[in-house]
Amino acid sequence: MRLSYPVHVRVIRVPCTGKVDLVHILRAFEKGADGVYLVGCMEGSCHYEQGNFRARKRVEQAQRLLEAVGTGGERVQMYNLTSGEAPKFAQYAREMSERILALGPNPAKLAAAAGQGQAAQGSGKKGVA
Amino acid sequence: MRQYPRFVDLAKCTACGECAKVCPIGLSNEYDAGLSLRRAAYKRYPQAIPGAYAISKLGQSPCKVACPAGISVQGYVNLIAAGRYREALAVIRQENPLPAVCGRVCTHPCEAACARGKLDEPIAIRDLKRFVAEWEIAQGEMDLPETKPPRPEKVAIIGSGPAGLAAAYYLALEGIGVTIFEALPVAGGMLRVGIPDYRLPPRILDYEIDYIKALGVEIRLDAGLGRDFTLASLQEEGYKAVIMALGAHHCLSLGVEGEQTAGVQPGVEFLRRAALGQAQAPGQRVVVVGGGNVALDSARTALRLGSEEVTILYRRTRAEMPAYEEETEEALEEGVKIEYLVAPKRFLSQNGRLLGVEVIRMELGAPDASGRARPQEIPGSEYVIEADGALAAIGQEPDLACLDQTCNLQVGPKHCLQVDPLTLQSSLPHVFAGGDAVLGPATVIQAVAQGKEAARSVVRLLDGADLAQGRQKDWQAVEAPQVKAKPQARRRPPQADPVERARSFGEVVGPLDEEAARAEASRCLACAGCAECMLCMQACLAEAIDHGQRPREQRLQVGSVILASGCRPFQPQFTGLDYRYGLNPNVVTSLEFERLLSPGGPTQGHLVRPSDHQEPKKIAWLQCVGSRDLNQCGNGYCSSVCCMYAIKQALVAKEHAHQDLDCAIFNMDLRTFGKDYERYFLRARDQEGVRFIKSRAHTLWDDPADGGVRIEYASSDGQAQEEAFDLVVLSVGLEVAPEAAELAERLGVELDRYRFAATEPLAPVATSRPGVLVCGSFQGPKDIPSSVTEASAAACAAAGQLAPARWSATRSLEVPPELEVAGQEPRVGVFVCKCGINIAGVVDVPEVTRYAATLPHVVHTDNGLFVCSQDVQEQMKQKIKEHRLNRVVVASCSPKTHEPIFMDTLRACGLNKYLFEMANIRNQDSWVHQGEPAKATDKAKDLVRMAVARAATLKALPEKTVGVNQRALVVGGGVAGLTAALGVAEQGFEVVLVEKEPQLGGFARRLTATIEGADINAHLDRLVERVSGHERIQVLTQTLVVKFSGFRGNFTTEVIVGPGMYERKINHGALILATGAGEYQPSEYLYGQDPRVLTQVELAQRLREKGAGDLRAVVMIQCVGSRNDECPNCSRICCQSAVKNALHLKEADPELQVYVLYRDIRTYGLMEDYYTQARQKGVLFFRFDLEQPPQVEAAPEGLRVSFLDHVLGRPISVRADLLALSAGMRPQDTDELSSIMKLARNQDGYLLEAHVKLRPVDMASEGVYVCGTAHGPKLVGESIAQAQAAAGRAATLLSQTELALSPVTSRVDPERCAACLVCVLSCPYGVPRINQEGVSEIDEALCRGCGICAAECPAKAIQLNWYEDDQILSQVEGLLEGVM
């Protein structure tokens, strides 16, 4: 449908959101991502039966960890949709984008920039479909 | 077979959609049930397969066919409607270089043919052409077309009228040098000197001549043929061809006495002098003789030059006048007088001065050769009209005095040049002719058309090509469409005041303004679909569009035909009952409502009603529109699907609504008879608050206050009710489309009374013609699961007949052995696709390509217009070999559609296909960030960097294969199991059939006949005989399954075979479960206590054995053991059992009283006819509620059954000799079996299929299939269909000798495994197990590749191939490189 959505979303393909590891999410923040979100099947309609439930748990876990270290738990989110719902995909991208813009850059990135005396490079968040 | 053209080459189309973007034609979008518009160049919906676009073309529009020049009128009209004026003009100029001229003086045959004219008035096509031509003039800049590179040849054109100018234009486009020779001192021919300025202002003609001259055409004025040059001299000057466009400038004489008198002059000469500024008023009182345009033009010009009184003399009546109606009208307005039915006899003069003309009255006689009435003089009716000037305008012909001996051209009748009608070639091969010189005095547009065709002939001559080939037009004007467009008046251009304008040569008719023009253009009905404007051809960089495609006839040699032509939704506008459909926009069909709810629909899933786009608060569904209705529409059957879809729509609507939404479903019987459907209904009613109203609405009113609808109905107690709703959904049924029925008839297949394919009850997919099979709703109305089941059944039946031919027409692909890349340094090649302008129009592709070259491991980069095209794929293969690439990245579109293509390319080069990665810079970038090209380019670089980083980490993943044991095991020896066993065996595979009982036959042994009357036992006997005697089927009775292991293609089942109880191991590749179900043993209504209480099955047996002679009254109670708290689902078969037995009772004794106490009668599909029959025969049906069930008392004289009658509202008590309980079904033997074989079951204990709709006979475990009542309650015929389906599905597996296993599976590193069991517990399919070494092991044949275990494993001992942690992290790190 070619619905436009914010330009700073980058998609990484995985077979199932259940494949996404906590390490993958945390590594993104360590390397300076401002946000990460997972987009999976509707709950109850997972192609692999329960992968999206596991993904949601892992997102919640990541939220707790990021909250604890001061990065901010809200920077990780889980979304669900069916393959026919292109408008929802675009809507989620907008929602996430607005959320991250309101939160500002990843504090780790700011700290690193301050440490190196450089301006932080603008970077995107990434989504995982 | 006749295949209708798509006009798009499937092999070349990349589905980029550029054709749809430029297409000016908007058509009703069938996919959105007409609620939105689509282009004529279109893709039905985003996920359509094949993904290529198509063009809807019904034929040619009548306007185009009527236009002598064949202009795509519909094309430019619609472009004007869209405000795309530049393109509109270009479309006109494809066929006519004189839009401004023709926009004024064309005789517009297009308008006479216009389909809109049949509705109200034709489109004002000529005015629109003028509008758009003037738009360009007002812009002040000529939009010149591109011409081809110059050629050395030059061509001479004689005459600069419309034919000469058109010829010059089209030759110039080809790069050919053109010189026009014009005898007069001015250019334009008759346009200049024949048409007065008030109709065609000189500035307009000048503009169009300048436009043509701007292409390099030279016009030599004062150069007359025969006077200043000859054909021979032209040849000497090097002109390779000549086009004679001389026009018809010679005026015919009247042949009347006194014609030579001064003051009498030919009209054409008068007009010419006037145009050249050399004429004066021809007199004070002027007569003009003639009724054509020249006569009218002469008369009006005379007025403008100062003549006081001008009278036209015409010898016929106004109806026969050849002049254009509008010109006659305008002339009369200006004061010209016209005398009809008079002819001049002689001109009277004195001293050489004209005094007048003696005329004679005429009358109309018999028609002449031209079809017009021949005028005849009325003797003695002569009289004199005084005049001092006269103009004779009775016709012209070509002036061929210029032809000398060197011009040896053949001349035909009326002094016209004789040419080939198609090629316009004269008797001299290099000389062509067109326009009035060939046609005699004709129209501008005909002259243009001939000039253009002459030019095309000349090009062919110069190219040495055949002049005629392929030029015969096969155009077919479409019929005017049956549309209900609102009548809309045609827009009319302004006209100058008649008194004022008659005194000047200023233009009489003004232009349409922009608003009027666009509104007028919007009236076009686009009746032909595609307008052939050819804009799509220019837009399609892949050159996939081919408007030359024609229907193709093909002959296919096949052994079997499967009819799956389906149904169409009932069309409520054609019913006698007034549903307000089509009259009130807030009455929609269920299909339209479905689209309103769809995220991909016209409102993107926003629930709004059509009239005001407000969210409705109350919605009503009216069931049985076009079903169960013999009176209004003749469809007596039940459509089977509407109750369920109405409930679904109500639930989805409630989800979409932002406020409380009231949903009411008006129904006669609620028919949720499918597997687990009743639970769905209960959820809707009890949890979601959907209202179910037992009534058929009888009257609908528009609610003028808010556009809603008021529904009048009778409640179940007979009270009149009325309720208002914001939106009404008509639950339209299914019916056979006429074309589907006609197709079946052509195939010699019998149809039933409703035109569904006739089938026998126990052979559900076989038509009346052997070899022709049927499936889906064309067999009878049914839902998706049943249709999909029947589809597999039909495939099985066909494959059984064709088994010997299996694989005989298959070709296999040879690929080179795979190269070893392990341990090698990655050498990545990056190929960036432009996708025409889809990517390159937004993303800077050369920049991304340059950037890719700077990335680590990248040794080659390239970009292409369409990387997926055949030629680029070949180049890619060369580059892979040339640069010894061992990883490939393509930056283009979605791997969903294109990954397999590129993987094949890798494989063809000896590379493992998993050494490939795609960056989706189209769907995820250029398409969705069109407004931000710089950022999109940055994103494309990121995506390419991520892909390259991942590519470097990829490993070759060899695909393994496992052998398939080509034997099936069937568990259960009832009708389903027997049918399935036979289905598999007849396809050539071995079968082992196990049955726990000593005999085959199952529950069907107890059944007598189907409702249609087919003998079930006889069928069963034949089936048992065939199975028992089949060489490939081994039957094991008294056999129990005890152990089961393996995976698809390689199962092992252990059984105990009685009575000896010996153990046996069966190896098999597929498993079919057909364990059946039994009848519920009721505990209610005195069953088991009183011998007069039977089940329906027992009643049927009793009737067969003892008949009904001793019976006077029988009561039946429905839903015993179904639809209650203990067993909420419907048992599907019981209503038909009751109706069947009731009919048998009535047949035995019409006086016998039969009472059926029911909750909803669910005689779905074609069985509804039997329900109707039963009522006609006097069977009495009484509805009861679950809360108030009937009471049964036993008494010596009979059973007494009491119940509450809803309509009468009072209790009724009847005596019965027998009480038949419609006992539901209960699954059998699924308990133990499901634990042995790890099978999923639903809450009732029926086996659960992999996907309710799309995989109705597959179990979740691959290679395991289910059929018959083990899957859910169903009729014998339905069990047979499902059994055939299971056999068909099993055969797709068994027919392969080996299976390729996907290498994208999880594997365990035993060194790191702590045997913590996390993987064992987390795998949705139970694949990991702890092996003898005490570590986890994952069978790659069973693993589905989801990667859940890999993510869960705390020791990171599990990796999923192709998605290893390093590979995913490489993308994360690649993306965020340099951020910190």
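Selection over segment B:1330-1370 of residues that are over 12 Å from B:Cys1313 (Cβ atoms), free of Cβ contacts under 8 Å to residues at least 40 places away in the same chain and over 42 Å from the mean Cα position of the chain (by Cα) gives a count of 5.
For segment B:836-843, indicate whether the set of residues that are in the same structural domain as B:Val890 (by TED's automatic domain parsing), over 34 Å from the mean Cα position of the chain (by Cα), of a type outside the set (Phe, Trp, Tyr) and under 22 Å from B:Asp925 (Cα atoms) is non-empty. Within segment B:836-843, not a single residue is in the same structural domain as B:Val890 (by TED's automatic domain parsing), over 34 Å from the mean Cα position of the chain (by Cα), of a type outside the set (Phe, Trp, Tyr) and under 22 Å from B:Asp925 (Cα atoms).
Among all residues of segment B:128-141, there is none that is more than 15 Å from B:Glu514 (Cα to Cα), touching a residue at least 24 places away in the same chain (Cβ under 8 Å) and hydrophobic (A, V, I, L, M, F, W, C).
Among the residues of segment B:1233-1254, those identified as of a type in the set (D, E, K, R), in contact (Cβ under 8 Å) with a residue 40 or more places away in the chain and surrounded by fewer than 17 Cβ atoms within 10 Å (Cβ to Cβ) are B:Lys1238, B:Lys1253. The condition of being more than 7 Å from chain A (Cβ to nearest Cβ) and either part of a strand (DSSP E or B) or under 14 Å from A:Ser4 (Cα atoms) (or both) holds for only one of B:Asn923, B:Asn912, that being B:Asn923. The test for being assigned by TED's automatic domain parsing to the domain that holds B:Arg580 and not β-branched (Val, Ile, Thr) holds for B:Phe725. The single condition from (1) surrounded by fewer than 24 Cβ atoms within 10 Å (Cβ to Cβ); (2) assigned by TED's automatic domain parsing to the domain that holds B:Val832 that B:Ala947 fails is (1).
The sole residue among B:Ala956, B:Ala952 that is touching a residue at least 60 places away in the same chain (Cβ under 8 Å), away from chain A (no Cβ under 14 Å) and in contact with a Leu (Cβ under 8 Å, 6 or more places away or on another chain) is B:Ala956. For segment B:258-275, the count of residues that are surrounded by fewer than 17 Cβ atoms within 10 Å (Cβ to Cβ) and over 26 Å from B:Tyr383 (Cα atoms) is at least one. The set of residues in segment B:288-323 being among the polar types (S, T, N, Q) and closer than 13 Å to B:Glu339 by Cα consists of B:Thr311, B:Thr317.
Per-residue answers, yes or no, for (1) buried (at least 20 other Cβ atoms within 10 Å of the Cβ); (2) hydroxyl-bearing (Ser, Thr, Tyr); (3) within 31 Å of the chain's Cα centre (by Cα); (4) not assigned by TED's automatic domain parsing to the domain that holds B:Asp942:
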{"site": "B:Thr861", "(1), (2), (3), (4)": "yes, yes, no, no"}
{"site": "B:Asp871", "(1), (2), (3), (4)": "no, no, yes, no"}
{"site": "B:Glu874", "(1), (2), (3), (4)": "no, no, no, no"}
{"site": "B:Arg884", "(1), (2), (3), (4)": "no, no, no, no"}
{"site": "B:Val888", "(1), (2), (3), (4)": "yes, no, no, no"}
{"site": "B:Cys893", "(1), (2), (3), (4)": "yes, no, yes, no"}
{"site": "B:Met903", "(1), (2), (3), (4)": "no, no, no, no"}
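Restricting segment B:34-55 to residues that are touching a Phe, Trp or Tyr at 6+ places or on another chain (Cβ under 7 Å) and either in contact (Cβ under 8 Å) with a residue 40 or more places away in the chain or surrounded by 16 or more Cβ atoms within 10 Å (Cβ to Cβ) (or both), the residue that is farthest from B:Gln446 (Cα to Cα) is B:Tyr45.
For the residues B:Ala369, B:Ala373, B:Ala390, the requirement of being in the same structural domain as B:Gln260 (by TED's automatic domain parsing), under 30 Å from B:Gly159 (Cβ atoms) and in contact (Cβ under 8 Å) with a residue 40 or more places away in the chain singles out B:Ala390. Here B:Phe831 does not qualify as within 14 Å of chain A (Cβ to nearest Cβ) and in contact (Cβ under 8 Å) with a residue 12 or more places away in the chain. The strands (runs of 3 or more DSSP E) found wholly in segment A:1-94 and carrying at least 1 residues that are facing chain B (nearest Cβ under 8 Å) occupy A:9-12. Annotation note: of B:Pro379, B:Pro398, the sole residue that is at pLDDT 90 or above and within 60 Å of the chain's Cα centre (by Cα) is B:Pro398.
Got at least one residue in segment B:598-618 being at pLDDT below 95 and touching a strand residue (DSSP E or B) at 6+ places or on another chain (Cβ under 6 Å)? Yes; the residues of segment B:598-618 include at least one that is at pLDDT below 95 and touching a strand residue (DSSP E or B) at 6+ places or on another chain (Cβ under 6 Å). Screening B:Ala705 on (1) at pLDDT 95 or above; (2) aliphatic (A, V, I, L, M); (3) part of a loop (DSSP other than H, G, I, E, B) shows it passes everything except condition (1).
Candidates are the residues of segment B:1353-1372 that are farther than 21 Å from B:Asn912 by Cα and surrounded by fewer than 19 Cβ atoms within 10 Å (Cβ to Cβ); the one that is nearest to the other protein chains (Cβ to nearest Cβ) is B:Lys1356. The combined condition, being at the interface with chain A (Cβ under 10 Å from one of its Cβ atoms), under 30 Å from A:Glu30 (Cα atoms) and in contact with an Asp or Glu (Cβ under 8 Å, 6 or more places away or on another chain), is fulfilled by B:Leu1375. Quick one: would you say B:Ile619 is among the aliphatic types (A, V, I, L, M), crowded, with 22+ Cβ neighbours inside 10 Å, in a helix (DSSP H, G or I) and over 25 Å from the mean Cα position of the chain (by Cα)? For B:Ile619, the condition - among the aliphatic types (A, V, I, L, M), crowded, with 22+ Cβ neighbours inside 10 Å, in a helix (DSSP H, G or I) and over 25 Å from the mean Cα position of the chain (by Cα) - is not met.
Tell me, please, whether a residue that is free of Cβ contacts under 8 Å to residues at least 40 places away in the same chain and under 34 Å from the mean Cα position of the chain (by Cα) can be found in segment B:783-791. Within segment B:783-791 (the criterion being free of Cβ contacts under 8 Å to residues at least 40 places away in the same chain and under 34 Å from the mean Cα position of the chain (by Cα)), the answer is yes, since at least one residue qualifies.
Can you go through B:Ala980, B:Ala1004 and tell me which one is assigned by TED's automatic domain parsing to the domain that holds B:Ser1295, surrounded by 24 or more Cβ atoms within 10 Å (Cβ to Cβ) and over 30 Å from B:Glu1373 (Cβ atoms)? The unique qualifying residue is B:Ala980. Among the residues here, B:Asp942 does not qualify as more than 27 Å from B:Glu543 (Cβ to Cβ), within 14 Å of chain A (Cβ to nearest Cβ), free of Cβ contacts under 8 Å to residues at least 12 places away in the same chain and not in a strand (DSSP E or B).
The values are calculated or read from the model by the stated rules, or taken from the named source; none is laboratory data. Source: prediction; values computed, not measured. In this analysis, Cβ positions are derived from the backbone assuming ideal geometry, glycine residues included, and neighbour counts consider all displayed protein chains.
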